[in-house]
Amino acid sequence: MSQAGSAYKPSDDSARPFSRLSFTLIEITIVIVIIGLICGLVLPRLGRLPRRLVIESALSAVRCAFRDAGVRARATGQSVKLVLDVEGHQFRVENAANSVSHGLPGVGDAPPDTSPTDSDTPPPPSILNKLSTYELSKDVAWHTDELVLGPDEALSYSFFPDGAATGPAIEFTIRKTRFRLDVDRLTGHCMIDELSDY
């Protein structure tokens, strides 16, 4: 056998040993485009997540203050006032004066208390009297310009032992989302409605 006439021809498999294990340029480009589309859809949603968490946390603090004030009024049998301190970013719980009326004649009116009272006597210790302020997020901007208040009058909500409540409707903004806060006059529940982004 003469080796001069027969040239060694490698098989197709040995000429391209990695051909079946590698990707073509088109396949790599398609994968990169798909990853880009997924990132384009997911990243904007991740950016909104912290904003929504801040909003929900602030709304939860407002609801908690209203709920606790209503519970305190029903549990103690005394009217409770929830005062908004705009500059201090907090709600303050105070015992309301005996002269406070919820404006519904004959509904839940308690007979006037004729027993002697000592204004210096603190209320008995109770778990309901432990928390007197509710800190609010600094992201909450209250729109109190529309309200007509006296020079020494603070924005407040009154809660009564029968579950009723009074107070003005007020708008506020959290991270460019506007809300309207009101209190249900009959049940004392806090009602917060999202108005719109502006």
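The values are calculated or read from the model by the stated rules, or taken from the named source; none is laboratory data. Predicted model, so just to flag it, every value in this text is computed and none were measured. When we count neighbours, we look across all protein chains shown, and the Cβ atoms used for this are built from the backbone with ideal geometry, even at glycine.
When 127, 192 are checked against the criterion of being among the β-branched types (Val, Ile, Thr), at pLDDT 90 or above and under 17 Å from residue 64 (Cα atoms), a single residue qualifies: 192. Within the range 156-190, the residues that satisfy the criterion of being over 18 Å from residue 59 (Cα atoms), of a type in the set (A, V, I, L, M, F, W, C) and buried (at least 16 other Cβ atoms within 10 Å of the Cβ) are 159, 160, 164, 165.
Tell me whether the range 80-92 contains one or more residues that are surrounded by 10 or more Cβ atoms within 10 Å (Cβ to Cβ), at pLDDT 85 or above and polar (S, T, N, Q). Yes, the range 80-92 contains at least one residue that is surrounded by 10 or more Cβ atoms within 10 Å (Cβ to Cβ), at pLDDT 85 or above and polar (S, T, N, Q). Would you call residue 145 part of a loop (DSSP other than H, G, I, E, B) and in contact with a His (Cβ under 9 Å, 6 or more places away or on another chain)? No, not satisfied.
When residues of the range 66-79 are filtered for being closer than 17 Å to residue 182 by Cβ and surrounded by fewer than 23 Cβ atoms within 10 Å (Cβ to Cβ), how many remain? Break it down stepwise before answering.
Step one: of the range 66-79, the residues closer than 17 Å to residue 182 by Cβ are 66-67, 69-70.
Applying the additional criterion that residues be surrounded by fewer than 23 Cβ atoms within 10 Å (Cβ to Cβ) yields 67.
Here the count works out to 1.
The selection criterion, being of a type outside the set (Asp, Glu), at pLDDT below 85 and surrounded by 10 or more Cβ atoms within 10 Å (Cβ to Cβ), does not hold for residue 20.
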